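The values are calculated or read from the model by the stated rules, or taken from the named source; none is laboratory data. Being a predicted model, the structure only gives us computed values, none of them experimental. Glycine also receives a Cβ, built like all others from the backbone with ideal geometry; neighbour counts cover every protein chain displayed.
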Amino acid sequence: MADGFLPRTAADASPLIDGFGRTIRYLRLSVTDRCDFRCVYCMSEDVSFVPRDEVLTLEEMDRVCSAFVALGVRKLRLTGGEPLIRRGVMTLVRALGRHLAAGTLDELTVTTNGSQLARHAAELAAAGVRRVNVSLDTLDPVRFRTITRWGRLERVLEGIAAARAAGLAVKINCVALKGVNEDEFDRLIGWCGEQGCDLTLIEVMPLGDIDGAGGFSRAAQFLPLSAVRADLARRWSLEPLGFSSGGPARWVRVGETGGRLGFITPLSEKFCEACNRVRLTATGSLALCLGRSEAVELRPLVRGYPGDDGPLLAGLRRAIAHKPDAHGFGTAACPALAAAGRLMNLTGG
Ligand code: SF4
């Protein structure tokens, strides 16, 4: 892998600040749009993926991530699709780990469906990863199969156990789905408390309803977490925490388990004013906001200037200046988003 990007002047090294004064410190990179599951709220069973030659190589991803690090990004998260099914992905993880060792990056982390975690957990830890997020919407094997279509719960649970054994902190991400898993939140809270895992409940996001998803409609399955939280508070003591993971979750401590529970509520509460993140798709498209269609194509700047970082660095600065002030969920911008085909497996959720 290339040895990263070193800004050549003090101006090059100034942080990335958008038009609303927000400093960009966090990049989420979707290393692949492919996945070994077919979750009903994410992709249809016969989904077509982007052609492989449009997907950035691992070296190109390292180059773009390193450019972001050179411009002040302190946190990188690898997502997908399922990031751990990309062939050779550990080469990228190890390469990015050099920024941790150099002190130019605070955190390198992964969001995974857990299916491949058992075989990669120790290597992730060795590369400097300290935390992983595992998507898990149910602890019921049959329901798990229904939601993921192709997944096996036991493999995910093995993966979580391997991650814990490797010393990784595990946060469970659970998408709250009306009529699907709303009867399981108590069980998940108890189980996460036993496992020593944080849990976040996430409102389903209305990103392009999925044709052929067996009747799944994000709008119909939307469950406002304000109501979920009020209901949980009848049985659990939920003490608000000042703790922040640097993301949009609002955290509470569950008195009975001692565990932390977060709520991510893109629809019922906005958190845009503190947004510090952007997303890079596997094809090199920089999504400036998950809930808006604005994106800037970085692939031409990567492939068009193989030996020259200048155009890419300048392109990143230009792009960030156009980051929108707030997401468009629940507004007229939403249909445009769906029309633009902004699906979670491409942008990494
Ligand atoms: S939600 Fe995650 S695990 Fe499920 S199909 Fe989409 S990318 Fe794969």
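Are any of the residues in region 50-58 in a helix (DSSP H, G or I) and either β-branched (Val, Ile, Thr) or within 18 Å of Asp309 (Cα to Cα) (or both)?
Of all residues in region 50-58, those in a helix (DSSP H, G or I) come to 52-54, 58.
So of that shortlist, the ones also either β-branched (Val, Ile, Thr) or within 18 Å of Asp309 (Cα to Cα) (or both) come out as 58.
Yes: region 50-58 contains one or more residues that are in a helix (DSSP H, G or I) and either β-branched (Val, Ile, Thr) or within 18 Å of Asp309 (Cα to Cα) (or both).
With the structure loaded, tell me whether Arg8 is away from the ligand (no atom under 14 Å from the Cβ), farther than 22 Å from Ala287 by Cα and either part of a loop (DSSP other than H, G, I, E, B) or at pLDDT below 95 (or both) or whether it fails that test.
Numbers: away from the ligand (no atom under 14 Å from the Cβ): yes; farther than 22 Å from Ala287 by Cα: yes; either part of a loop (DSSP other than H, G, I, E, B) or at pLDDT below 95 (or both): yes.
In short, yes.
Applying the selection to region 113-123, what residues are crowded, with 24+ Cβ neighbours inside 10 Å, touching a Ser or Thr at 6+ places or on another chain (Cβ under 9 Å) and either more than 18 Å from Val40 (Cα to Cα) or free of Cβ contacts under 8 Å to residues at least 60 places away in the same chain (or both)?
The answer is Gly114, and nothing else.
Being aliphatic (A, V, I, L, M) and within 30 Å of Phe144 (Cα to Cα) is the filter; apply it to region 14-49 and report the residue that is farthest from the ligand (Cβ to nearest atom). Full working, then the answer.
We begin by selecting, within region 14-49, every residue aliphatic (A, V, I, L, M); these are 16-17, 24, 27, 29, 31, 40, 43, 47.
Filter once more, keeping what is within 30 Å of Phe144 (Cα to Cα): 27, 29, 31, 40, 43, 47.
Working: Leu27: 18, Leu29: 14, Val31: 11, Val40: 9, Met43: 5, Val47: 9 Å.
Across region 14-49, the extreme among qualifying residues is Leu27.
Condition first: aliphatic (A, V, I, L, M) and within 15 Å of the ligand (Cβ to nearest atom). Now tell me which residues in region 158-181 satisfy that. Explain how you work it out, then say what you get.
Kept after step one, since they are aliphatic (A, V, I, L, M), are these residues of region 158-181: 160-163, 165-166, 168-170, 172, 175-177, 180.
The answer is Ile160, Ile172, Val175, Ala176, Leu177, Val180.
Which of the residues that make up region 147-187 are of a type in the set (Lys, Arg) and either within 29 Å of Ala219 (Cβ to Cβ) or buried (at least 17 other Cβ atoms within 10 Å of the Cβ) (or both)?
Of the residues in region 147-187, the ones of a type in the set (Lys, Arg) are 149, 152, 155, 164, 171, 178, 187.
Matches in region 147-187: Arg149, Lys171, Lys178, Arg187.
Would you please name the residue that is nearest to the chain's Cα centre (by Cα), looking only at residues in region 19-53 that are charged (D, E, K, R) and under 30 Å from Asp325 (Cβ atoms)?
Residues of region 19-53 charged (D, E, K, R): 22, 25, 28, 33-34, 36, 38, 45-46, 52-53.
This time we only want the ones that are under 30 Å from Asp325 (Cβ atoms), so: 22, 25, 28, 33.
On the way: Arg22: 20, Arg25: 15, Arg28: 6, Asp33: 12 Å.
Ranking the qualifying residues of region 19-53, first place goes to Arg28.
So, of the residues in region 119-153 that are of a type in the set (Gly, Ala, Ser) and within 16 Å of the ligand (Cβ to nearest atom), which turns out to be farthest from the chain's Cα centre (by Cα)?
Going residue by residue through region 119-153, those that are of a type in the set (Gly, Ala, Ser) are 121-122, 125-128, 135, 151.
Checking which are within 16 Å of the ligand (Cβ to nearest atom) leaves us with 135, 151.
Numbers: Ser135: 10, Gly151: 19 Å.
The extreme case among them is Gly151.
Determine which member of the set Thr265, Thr257, Thr331, Thr283 is modelled with pLDDT of 90 or more, among the polar types (S, T, N, Q) and more than 27 Å from Arg86 (Cβ to Cβ).
Thr257
Out of Val64, Val110, Val69, which single residue is aliphatic (A, V, I, L, M) and either surrounded by fewer than 19 Cβ atoms within 10 Å (Cβ to Cβ) or without any contact (Cβ under 8 Å) to a residue 60 or more places away in the chain (or both)?
Details: Val64 fails: either surrounded by fewer than 19 Cβ atoms within 10 Å (Cβ to Cβ) or without any contact (Cβ under 8 Å) to a residue 60 or more places away in the chain (or both); Val69 fails: either surrounded by fewer than 19 Cβ atoms within 10 Å (Cβ to Cβ) or without any contact (Cβ under 8 Å) to a residue 60 or more places away in the chain (or both).
The match here is Val110.
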